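The values are calculated or read from the model by the stated rules, or taken from the named source; none is laboratory data. No experiment lies behind these values; they were computed from the predicted model shown. Counting neighbours? That spans all protein chains shown, and the Cβs are built from the backbone with ideal geometry, glycine included.
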Amino acid sequence: MSIYFWGLLLSIIIYLVVGNYAGRKVKGLDDYYVAGRKAPTLLIVGTLVASFLSTNAFLAETGFAYDGYAFLMLALVAVNTSGYVIGALFFGRFVRRSRSLTIPEFFAKRFDSRAMQVLAGCTTVIGLTAYLLAVTQGGSILIADVVGIPYGVALIMVWLGYMLFTLYSGSSGVVLTDTIMFLLFTLVSIVALPYLLGEGGGLHATLTALATSEAKPGIVAWHGLTGAGAFWASGKDALIWALVLGLSWSLVLAVSPWQTSRYLMARSEHVVVRSACISGLVLAVLYVVLMFGGAAVNLANPAISPSERVMVWAGMNMMPTFIGTLLISGIMAAALSSCSTFLSLIGFSVSNDIVQSRVSSERKSLRMSRYIMFVAALISLTLAYFQPPAVMWITYFAGTLFASSWGPVAFMSVWSRRISAPAAFVGMLVGFTVNIGAKLLDNAGLVSLPVYLDPFILGFISNVVCIVAISRFTRPTAAALAYFEAIRETPKDELDPVEVRKTLIWPVVVMVSGLVIAGLLGVFYAVPYAAALGREFSLFSGESLLSIGYGLSVFCVGALAFWQVRRVYGHRAAPRNPSTQHSEARS
């Protein structure tokens, strides 16, 4: 067995040990479902990023960059990373106030409707099973390539790796292992970049060589490859695709169960806001690193097939053995972190939202949850074995299901008094069904949907239309309105001036980082790209606008967070004027 195999095995053993440690501390349902509601900022950041950056990012999307769409991916990411801050400010902090065990349970309380909980639970199980399928396949492909064993054997290894510690420790173990995995793959991605650029002679030389590539003309243009044989005929079509998918994934980051459920574990609303700011910034930086790196591997080997194996090949052929081992272990960490999150949420939704066991003892309820989670794990293993791998496209499809079905309902649940339970139910169901139906018809060739009529858009619009129409003829119950008013009230213990000042630091960091990112992309991408093609540099070229827009998007979400924290917590937390206090005392 190679050193890469032993590195993978050691990392899995560490996660099992940590999961066992966390499992021993699980005393009740709060510990198992929401990690005792006391997680600090680092742990929430770790689990947010780790559950999002799966094999789709490290295998499929870096392969997409290798194929010729590195900077088109950045156009998508510029939009979707805003979902963290938007979701935390306008949905996540309200969810935390509910003290629910799951997000479907929050919907049940908000709309005074058991049917909403069942529907949201069913969509969670269906969507996350598809996502779990894709991530499990990605991890299995990684082990099969590295170790040289059959895919089926690798599949069982991956399955056992995440199933054992997730089953025992629940969210308490997931949040700890996620954070360890997050720190590993973040660090190793940054350390690995110089080696990926080394084949071309450094960043500037690599960019110049790629810009003038005859094999893949346009590989580092803002729109990527276009024309015959490419995914899109023109830059316009490519941009529409990136913006539509970026918008849908911003909603995924804002409201999806595997992201917003992390806020249920946070020890305060300030942790929710801080972790959202940091997570969005981490994603923005990491995607620049991954997309540059994926494209650069072309200079070392332009014939890797399938392209999803590009980072594995690079780790084994372009880096010192130790760094390569860490990179491959980091990719496996990204896979396991997402798998553990998805499996836990599937089990939680079945046991808490769909079945709702009548067992009165918490100990028996825990046992029942573990049994249900094990059955869900067996089903995912079976599906992963028989379904041909398609990591990127399954992931994108599964994610957008939540954007079209949960998006409108989630935001309106905390910002609209008029939305009723029947409207929310029909809207979520129709948005989910239309998205799936349109995608199936498109894949079967029965319809040909243009880029601007993505199934996500059709589902989202259908959802909103149903909510608006049905809300005109129905009314929310008194209990639903009372709950709405309760979660809209900011808890007094969140108004501590010291905590507010600490929270305001992070939006400032995000804003400054956005300006720095825009400047660095301009200097190290837009300017040398124009020089490589013999063009005069222009601020209005596609590459310059992408560089500015990417950094500006980061700056804007930081500004939004700063404004909202000041508005919601700051003015209420400000100390009273001493002279006013003195005059009141005299009176």
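For the residues F71, F58, F5, F52, the requirement of being of a type outside the set (G, A, S) and more than 17 Å from A284 (Cα to Cα) singles out F5. Taken together, the criteria exclude V297 from residues that are surrounded by fewer than 24 Cβ atoms within 10 Å (Cβ to Cβ), in contact (Cβ under 8 Å) with a residue 24 or more places away in the chain and more than 30 Å from Y33 (Cα to Cα). Identify all residues within segment 185-230 that are more than 20 Å from L533 (Cβ to Cβ) and among the acidic types (D, E); write none if there are none. Answer for segment 185-230, where residues must be more than 20 Å from L533 (Cβ to Cβ) and among the acidic types (D, E): just E199.
L183 passes every criterion in (1) modelled with pLDDT of 85 or more; (2) surrounded by 19 or more Cβ atoms within 10 Å (Cβ to Cβ); (3) closer than 18 Å to S11 by Cβ apart from (2). Looking only at residues in segment 533-547 that are part of a helix (DSSP H, G or I) and either buried (at least 17 other Cβ atoms within 10 Å of the Cβ) or among the polar types (S, T, N, Q) (or both), the one that is modelled with the lowest pLDDT is G542. Every test in (1) within 24 Å of the chain's Cα centre (by Cα); (2) closer than 14 Å to F71 by Cβ is passed by V554 save one, and that test is (2). What's the number of the only condition in (1) closer than 26 Å to V252 by Cβ; (2) charged (D, E, K, R); (3) in contact with a His (Cβ under 8 Å, 6 or more places away or on another chain) that E499 fails to meet? If we test E499 against (1) closer than 26 Å to V252 by Cβ; (2) charged (D, E, K, R); (3) in contact with a His (Cβ under 8 Å, 6 or more places away or on another chain), just (1) comes out false. Scanning segment 9-32 for residues that are in contact (Cβ under 8 Å) with a residue 60 or more places away in the chain, over 27 Å from S140 (Cα atoms) and assigned to a helix (DSSP H, G or I) gives L29, D30, D31, Y32. Would you mind stating whether A144 is surrounded by 17 or more Cβ atoms within 10 Å (Cβ to Cβ), part of a helix (DSSP H, G or I), out of contact with any Asp or Glu (no Cβ under 8 Å at 6 or more places or on another chain) and free of Cβ contacts under 8 Å to residues at least 12 places away in the same chain? So A144 passes the test.
Consider segment 19-54 and keep the residues that are modelled with pLDDT under 80 and among the aliphatic types (A, V, I, L, M). The one that is farthest from M157 (Cα to Cα) is L29. A search for C-beta distances below 6 Å between a residue of segment 450-462 that is without any contact (Cβ under 8 Å) to a residue 60 or more places away in the chain and over 13 Å from A242 (Cα atoms) and any residue that is among the hydrophobic types (A, V, I, L, M, F, W, C) and in a helix (DSSP H, G or I), counting only pairs 6+ apart in sequence or on different chains, returns P455/A438; L458/V434; L458/A438; G459/V434; S462/V430; S462/V434.
Residue selection: L290 fails the criterion of being in contact with a helix residue (DSSP H, G or I) (Cβ under 6 Å, 6 or more places away or on another chain), at pLDDT 90 or above and more than 30 Å from V45 (Cα to Cα).
Remark: V375 matches the filter, which requires a residue to be in a helix (DSSP H, G or I), modelled with pLDDT under 85 and surrounded by fewer than 24 Cβ atoms within 10 Å (Cβ to Cβ).
For segment 120-140, taking the residues that are surrounded by 24 or more Cβ atoms within 10 Å (Cβ to Cβ) and of a type in the set (V, I, T), the one that is nearest to G431 (Cα to Cα) is identified as T124. Does segment 104-119 include one or more residues that are under 30 Å from R309 (Cα atoms), in contact with a helix residue (DSSP H, G or I) (Cβ under 7 Å, 6 or more places away or on another chain), surrounded by 24 or more Cβ atoms within 10 Å (Cβ to Cβ) and among the polar types (S, T, N, Q)? No; the residues of segment 104-119 include none that is under 30 Å from R309 (Cα atoms), in contact with a helix residue (DSSP H, G or I) (Cβ under 7 Å, 6 or more places away or on another chain), surrounded by 24 or more Cβ atoms within 10 Å (Cβ to Cβ) and among the polar types (S, T, N, Q). For segment 206-240, a residue qualifies if it is surrounded by fewer than 17 Cβ atoms within 10 Å (Cβ to Cβ), more than 19 Å from N301 (Cβ to Cβ) and not small (G, A, S), and the qualifying residues are F231, K236, I240.
With the structure loaded, tell me whether E269 is more than 25 Å from W6 (Cα to Cα) and of a type in the set (D, E) or whether it fails that test. Taking the combined requirement at face value, the residue satisfies it. Give segment 419-447 a look and list any residue that's modelled with pLDDT of 80 or more, not aliphatic (A, V, I, L, M) and not in a helix (DSSP H, G or I), or say none. Across segment 419-447, the qualifying residue is only S420. Exactly one residue out of R267, R262 is within 16 Å of the chain's Cα centre (by Cα), under 27 Å from K502 (Cα atoms) and among the charged types (D, E, K, R), and it is R262. For segment 352-364, does any single residue satisfy the condition of being surrounded by 20 or more Cβ atoms within 10 Å (Cβ to Cβ), touching a Leu at 6+ places or on another chain (Cβ under 8 Å) and modelled with pLDDT under 90? Within segment 352-364, one or more residues are surrounded by 20 or more Cβ atoms within 10 Å (Cβ to Cβ), touching a Leu at 6+ places or on another chain (Cβ under 8 Å) and modelled with pLDDT under 90. Scanning segment 33-53 for residues that are not in a helix (DSSP H, G or I) and not aliphatic (A, V, I, L, M), which turns out nearest to the chain's Cα centre (by Cα)? It comes out as P40.
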